[in-house]
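> Starting off with a structure, shown below.
What follows draws every value from the coordinates through simple rules; no lab data is involved. As the structure is a prediction and not an experimental result, all values here were calculated from the model. Positions of Cβ are backbone-derived with ideal geometry, glycine not excepted, and every protein chain shown enters the neighbour counts.
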Amino acid sequence: MSDPSGAQTILPPEGPRPENGSPAKGRHMAATPGSTQQGVEKRPKQARAGKADTSKVLAVPKGRTGAARILLGRDAVMIYVLLVVVIYASIVIPRFASPVTVGFLLLDVIPTLLIALPMTLVIISGEIDLSVASIAGLTSALMGVLWQGGMNIGLVLVICVLAGLAAGAFNGVLIAYLGLPSLAVTIGTLALFRGLALVVIGDNAVANFPPGLTAFFTSKIGGTGIPTVMVGVVVLIIAFAVVLHFTPFGRGLFALGYSKEAATFVGIDVARSKFLLYLATGTVSALAGIYWTLRYSSARSDNASGLELAVIAAVLLGGVSIFGGKGSIPGVLAGVLLIGTINYALKLDRVSEVVLIIVTGSLLIISVVAPNIASAIKQARHSRRVRTAPLP
Amino acid sequence: MLTLRGALKTFGPVVALADGTIDLAAGEIHALVGENGAGKSTLVKILAGVHQPDAGEFLVAGQPVSFRNVADSKAAGISVIYQEPTLFPDLTVAENIFIGRQPKGRFGLISRVEMRRRAKELFDQLGVPIDPDRVAEGLSIADQQIIEIAKAISLDARVLVMDEPTAALSGVEVDRLFAVARRLRDAGSGILFISHRFDEVFGLCDRITVMRDGTYIATHETGATSVEAIVREMVGRDIDALFPKSETDVGDVVLKVSGLTRPGVFHDIDFEVRAGEIVALSGLVGAGRTEVARAVFGIDRYESGTVEMFGRQLRGKDPRAAIDAGIGFVPEDRRKQGLVMELSVERNAALTLRHSLAKFGLISGKAEREAAQTWGKRLQVKAGSPEHAVSTLSGGNQQKVVLAKWLATDPKLLIIDEPTRGIDVGTKSEVHRLISELAGRGIAILMISSELPEVLGMADRVLVMREGRITGRLDRSEATAETVMHAATASLEITR
Amino acid sequence: MSLDSKSAAPAHTTPGHGRPSALGSFLKLRELPVVLALVVLVAVTAAINPLFLSAQGIKDLLLNATILMILAVGQTLVIITRNVDLSVGSILGLVAFGTGSIFVAAPNLPIVAVFVLGMLFGAALGALNGLLITIAKVPALVITLGTLYIFRGISNAWAGGTQYFAGDRPDAFGNLSVDTFLGFPVITLIAVVVVAIVAVYMLGTRPGRDLYAIGSEPDAARLFGIPVQRRVLLAFVVNGLLAGLAGVLYASRFNSVGATTGSGLELDVVAAAVVGGVAIFGGSGTVFGAAIGALLLTTITSALTALRVDKFWQQAIVGILILAAVVIDRIASVRSARKLRIAEARNV
């Protein structure tokens, strides 16, 4: 290749060029390459520092793996807050640290926990699903009617899960393939699915489920207080975490959450990805509906109503960005458990249950406002310093 | 009428502008040139009141000013027209012009009739037929710029700043814009014109100011300088041949497109690209070039025709299939299509590899990082850290990340839409050399470009499109500015 | 109606005929489908059950719609700026219970003063939302989801098990929901006046148009120097004020107010706006449309009763209606986008 000026060829025959071969213009301060100790928390700040274009040619790989990154990242804040709250509650509230607590706390949070998993993926992909609680309600109603009609309970459960799948597919077609705004669509299906639940079961309630089954759903593993169903829940948690954080599909979700267009250009099938997510929310919501029915041994049309907002609150508290592109399953897990723990601790402390929602709301607001306020203050301080510099 | 001297602007530790200096007289068109990152945009934003300088002297009509916000700048008679104007898509054209200062009628309420009348008047004055009642959504960029200019006139702007207005315009639209600019100059306005295109700078402007590394270098009368001299000042060194074209052996047919048609957009598109060959798709903006490329890559659907890679037909509307068949696509809009700006450099660079990296369906973060860095390093991508958002990189380095992510897939065909849009002169030749080298290694290249010198300098063959059809097929020896422009504009078909 | 807006332009040069065909612009109205749906619904129902359009029937219809209408109008302001307020149900609940408490604490307070207090209270709550959103620059969906819980929690703590009944309030106050003026219930007239005032504000004033601009393209609005934060704050304050008004009217209209008053209302309100043609991502839609949307949603309930449709179907039908509105809106915008594309292609 002719190269009259003697400048470097861009594609060396093999191997990387030495770093000092780059035409350093030497006018910008190089951003410090983030070291392991520095942590990911520093990232946003540096990102905002403007376009420092010359720093260095892409550096050697650093040994931080996915898990370590999550533990050092912003998502981790919630995990630490959760730990602090659990420890504090165990010390201060007498009856808190006991198997009974663990049992009831987990039994209470399971529906939220379940639905929060697919919801995390949906919100990361830049969409939302408000119809989840209605799907759970519809499943519950269906379950009651079919069981009362004398159907085999196994078949009933299968039909219920399929109903959830179908409801999710309905959302998915409208949102993913017809391109309708998910907020509006799922407000519609929120009403529709809850309405169908009413159509199915009216204002009846079905309670006579097989005692063995309902007992199973409230049973605990030995003396640990951990509900038996948690085993299944943990399997789902791991499955969703792996899909989001360690698969090509998960990588695609983050990309399309930020930019659907850019995602399309690397071969991500945006519509199909979203459709699958809505299938997942539908199915998992159905599982939550089944759990709800058997745990309280009652199939009613208004089961789990209002749960959608509680789930979204927990997911956002867990560090998922409502704009999409950002979030993690461990963070969301911490978010769900944090709300559950605080509520349970306060209940033990005789704070009225209905007032507790103030805590949920405040936590949600603080979790999103605090980082922004902090950076705003920093910004203000910076600009004040600059402003006070004398203008000639 | 406007003077800025020694303006300093820092963002945290980064000095965006060290010595912003410009002197704009009434009744002149003044060019501001410099590489990307030279501080032009920062200077523009200071004039616009978006940024406040940390230090420096700023005079408008001889009076010192200090803008706190955009409104202050507007009040001082300065209007800025950005490369891609941001109108309000849901509002009508007339309302877009008068938003915030709509004429009032009875009871102090907005008078739509009056607003429409005034908008019509402005368009008549500019000699353009735009319906003031249509909503802004769907307007071409050229029309959007005209609306911005109409807005500036209605604001009685004495200073008009145009930040790379022609980057996305076709020849006809550029001519119309320049006619408007000259008319405004002759009426006594001062126009600051920022462009990367030297033919425009020299054809339109009276004086040229050069910036480099955030610092003022010099101002010249256009007649008293040359392209070479300006480029030297911009880069700070002599630039070698802008288009390093190396002779390569052309191999077998890689891509074969036959009869590709999407009614109203493109018709009967036939062409081939061979291994090691650079084929340029030329023509005016809106001729259907990008649309053809998108259809080939499977972004958009087409109604009839076939796309074959190595003789095997590709499924339409399936980018995954195209990628698997060995096509890489460097799209025209880097920020929206080429990259996920908020994601890290390494995630972006590895996004195309996500399937090939997975073992048993799972991706290891380490493998991902190493894969991302292999090509990042070879292309000399400069980033603070591979974990930083790709938005923190300069335009040239962002383009390298886009190239890196496709090169990592070992493509057989690379479609590059506007390879050097918004990239500074220095990096531009680096990108050109890279494309040549890739072709030298046997990759088939389909390049779309609106810059004629780039087309003529790089391509082995030039296909010219007009109104959705290929109207010219020119060999390197036949392709000249005249033949290409003729095929792009006239109705006569030139074939060999 | 012309396919090609550009080639149609020369027609506009004739002085005095600047307006495109009135029929054309009427057919393009985003509110048209909802108005048609309402007319058809009322006509069909009345044909089957004439009692539906009796004086009493109409009165009930309007009474039921009034509160949702006012809330939908407020919500529209917020949605047009590309925000949303999920806390309106909780605001309404707090104000309604507050109204009950005021009458118990100060039975002789003039009714007008109660209205003013209730609206100020609502405005203050709306201002809290608006301040959190504009100062902390956090998405409204998140903030108002938080305040939905907080406001509800406060009203739970405040009310406990207490409920105030109609008997606790002066008759004159309750009569607002009974008395009619020219056949219209007084509180409905209040709602109509509110819709009219807000509609004029949104159509005919600069700050009103700013709200559309903000929702249409927030970045451009900022760049343009529109005081985005102040305008968004204004939208939330007005929305709070209207939710406060709705709260007071709720106390007048319904027998009891307690801790759970107005819960779950937020999604109905958003649904009413969406059905009324307000784009969920801001920038377009009118308060008139939203008000009609609210009227349609409540009318459906009454109509189904009048038609003796199983009451359990009502909610499902409301859901289908919302989806239909979303789909119709999309079809309309796809059609106009195609038209524009054709126009562009011809002008190349």
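> As I understand it, the dipole of segment C:31-347 uses +1 on the Cβ of Lys and Arg and -1 on the Cβ of Asp and Glu, about the Cα centre. Which of C:LEU295, C:ALA324, C:GLN314 lies farthest toward its positive end?
Sorting the options by dipole projection puts first C:ALA324.
> Additional query: Among C:VAL114, C:GLY208, C:ALA271, pick out the residue whose Cα is farthest towards the positive end of the charge dipole of chain C, where Lys and Arg carry +1 and Asp and Glu carry -1 on C-beta, about the Cα centre.
It is C:GLY208, whose Cα lies furthest towards the positive end.
> As an exercise, take the mean of 1/r over every pair of distinct alpha carbons in segment A:109-328, invert it, and state the Kirkwood radius in angstroms. Don't skip to the answer; put the middle values down first.
Working: mean 1/r = 0.0571 Å⁻¹.
Computed over segment A:109-328, the radius equals 17.5 Å.
> What do you get for GluC sites (Glu not before Pro) in segment B:89-186 restricted to DSSP loop and a cutoff of at most 12 other Cβ within 10 Å of the site's Cβ?
Numbers: sites: B:GLU95, B:GLU114, B:GLU121, B:GLU137, B:GLU148, B:GLU173; in loops: B:GLU137.
Listed in order of number, the matching sites amount to none.
> In percent, what relative contact order does segment B:1-109 have, based on Cα pairs under 8 Å that are 6 or more apart in sequence? Don't skip to the end; give the middle numbers.
On the way: 132 pairs, mean separation 26.8, N = 109.
So the answer I get is 25 percent.
> Could you rank the peptides A:286-292, C:177-183, C:254-260 by their average count of other C-beta atoms within 10 Å per residue, with the highest value first? Let's see the in-between values first.
Values: A:286-292: 26.6, C:177-183: 11.9, C:254-260: 17.9.
Going from most to least packed, we get A:286-292, C:254-260, C:177-183.
> Here's something else I'd like to know. Considering only DSSP states other than H, G, I, E and B, which trypsin sites (Lys or Arg not before Pro) in segment B:162-203 qualify as loop sites with at most 11 other Cβ atoms within 10 Å?
Details: sites: B:ARG176, B:ARG182, B:ARG183, B:ARG185, B:ARG197; in loops: B:ARG197.
Filter output for segment B:162-203: empty list.
> Mind checking the mean number of beta-carbon atoms from other chains within 10 Å of the Cβ atoms in B:83-90? If you can, show how the numbers build up before the last one.
Values: counts 0, 0, 2, 9, 5, 13, 5, 12.
For peptide B:83-90, the averaged partner shielding equals 6.
> Which of the residue pairs B:LYS256/B:LYS317; B:LYS336/B:LYS405; B:LYS400/B:LYS428; A:LYS260/B:LYS317; B:LYS317/B:LYS400 have a Cα-Cα distance greater than 21 Å in the structure shown?
B:LYS317/B:LYS400
> Going by average Cβ density within 10 Å per residue, which order do the peptides A:223-230, B:302-309, A:204-211 take, highest to lowest?
Details: A:223-230: 16.4, B:302-309: 17.9, A:204-211: 14.5.
Sorting A:223-230, B:302-309, A:204-211 by mean packing, highest first, produces B:302-309, A:223-230, A:204-211.
> Same structure again: Is the C-alpha gyration tensor of segment A:170-271 telling us rounded, prolate or oblate? Criteria: a/c under 1.5 is rounded; beyond that, a/b larger than b/c is prolate, otherwise oblate.
Numbers: a/c = 4.30, a/b = 1.38, b/c = 3.11.
In terms of gyration-tensor shape, oblate.
> Right, next: May I ask you to sort B:LEU357, B:LEU463 by Cβ crowding, counting other Cβ atoms within 10 Å and putting the fewest first?
Working: B:LEU357 19, B:LEU463 26.
In increasing order of surrounding Cβ atoms, one gets B:LEU357, B:LEU463.
> Over the alpha-carbon set of the protein assembly as shown, work out the extent along each principal axis and list the three values in angstrom, largest first.
Computed over the protein assembly as shown, the largest-to-smallest principal extents equal 93, 77, 66 Å.
> Using only the Cα atoms of segment C:256-316, build the gyration tensor, take square roots of its eigenvalues as a ≥ b ≥ c, and label the shape rounded, prolate or oblate: rounded if a/c is under 1.5, else prolate if a/b is larger than b/c, else oblate. If you can, show how the numbers build up before the last one.
Details: a/c = 2.39, a/b = 1.32, b/c = 1.81.
It comes out oblate by the Cα gyration axes.
> For peptide A:236-248, what's the mean number of Cβ atoms from other chains within 10 Å of each residue's Cβ? It would help to have the intermediate numbers written out before the result.
Working: counts 0, 0, 0, 0, 0, 0, 2, 2, 0, 3, 6, 6, 10.
Mean inter-chain Cβ contacts per residue within 10 Å come to 2.
> Right, here's the next one. Counting only other chains, what is the mean number of Cβ atoms within 10 angstrom of the Cβ of each residue in peptide C:308-318?
Details: counts 0, 0, 3, 3, 10, 4, 4, 12, 10, 4, 5.
Taking all residues of C:308-318 together, the mean is 5.
> So which aspartates and glutamates pass the test for B:LYS74, namely a Cα distance under 12 Å, with those fewer than 8 places away in the same chain ruled out?
Of all the aspartates and glutamates, those that pass the test against B:LYS74 - Cα under 12 Å, at least 8 places apart if same chain - are B:ASP156.
> Classify chain B as rounded, prolate or oblate, taking a ≥ b ≥ c as the square roots of the eigenvalues of its Cα gyration tensor: rounded when a/c is under 1.5, otherwise prolate if a/b is larger than b/c and oblate if not. Don't jump to the answer; show the numbers that get you there.
Working: a/c = 1.68, a/b = 1.44, b/c = 1.17.
Prolate.
> Exposure proxy check: C:ILE70, B:ILE323, C:ILE91 ranked by fewest other beta carbons within 10 Å? List each step's numbers first, then the result.
Details: C:ILE70 30, B:ILE323 21, C:ILE91 37.
Listing C:ILE70, B:ILE323, C:ILE91 from fewest to most nearby Cβ atoms yields B:ILE323, C:ILE70, C:ILE91.
> Determine the relative contact order of chain C: mean sequence separation of Cα pairs under 8 Å and six or more apart, normalised by residue count, in whole percent. Provide the component values of the computation, followed by the final result.
Details: 539 pairs, mean separation 118.1, N = 348.
Reported relative contact order: 34 percent.
> Right, next: Please list the three semi-axes, largest first and in whole Å, of the ellipsoid equivalent to segment B:409-471, using sqrt of 5 times the eigenvalues of its alpha carbon gyration tensor. Could the numbers behind the result be given before it?
On the way: eigenvalues 76, 53, 21 Å².
Three semi-axes, in Å: 19, 16, 10.
> Taking every DSSP beta bridge with both residues inside chain B, roughly what % is antiparallel (nearest 5)?
Details: 43 of 80 bridges.
DSSP beta bridges in chain B are roughly 55 percent antiparallel.
> Explain nothing, just compute: Karplus ³J(HN,Hα) = 6.51 cos²θ - 1.76 cosθ + 1.60, θ = phi - 60°, for every residue of segment B:465-474 in order, whole Hz, x for Gly and Pro.
In residue order, the calculated couplings are 10, 9, 6, x, 10, 7, 10, x, 10, 10 Hz.
> Amide H to amide H, which residues 5 or more places from A:LYS220 or on other chains are under 5 Å from it, using H placed in the peptide plane?
The list, which skips near neighbours in sequence, is A:THR228.
> Dividing the convex hull volume of the Cα atoms of segment C:31-347 by its residue count, what figure in Å³ per residue is obtained?
On the way: hull volume 47.4 nm³, N = 317.
Per residue, the Cα convex hull of segment C:31-347 comes to 150 Å³.
> Give the total of Lys-Lys pairs in chain C with Cα-Cα distances below 27 Å; include a pair only if its members are 8 or more places apart or on different chains. Numbers along the way, then the final one.
Numbers: C:LYS6/C:LYS28; C:LYS6/C:LYS339; C:LYS28/C:LYS339; C:LYS59/C:LYS311.
Number of lysine pairs found: 4.
> Which Cα, out of B:GLY259, C:ALA259, B:VAL15, lies furthest along the positive dipole direction of the protein assembly as shown (beta carbon charges, K/R +1, D/E -1)?
Going by the charge dipole, the pick is C:ALA259.
> Largest first and to the nearest Å, give the Cα extent of segment C:133-226 along each principal axis.
On the principal axes, segment C:133-226 reaches 55, 41, 14 Å in Cα extent.
> Run the dipole for segment B:63-141 about the Cα centre, Lys and Arg Cβ at +1, Asp and Glu Cβ at -1, nothing else charged, and hand back the magnitude in debye, nearest 20.
Details: 11 positive and 10 negative charges, 86 e Å.
With Lys and Arg at +1 and Asp and Glu at -1, about 420 debye.
> Another question, if that's okay. In degrees from 0 to 90, rounded to the nearest 10, what is the angle of the helix C:186-204 Cα long axis to the longest principal axis of chain C?
For C:186-204 against chain C, the angle is about 30 degrees.
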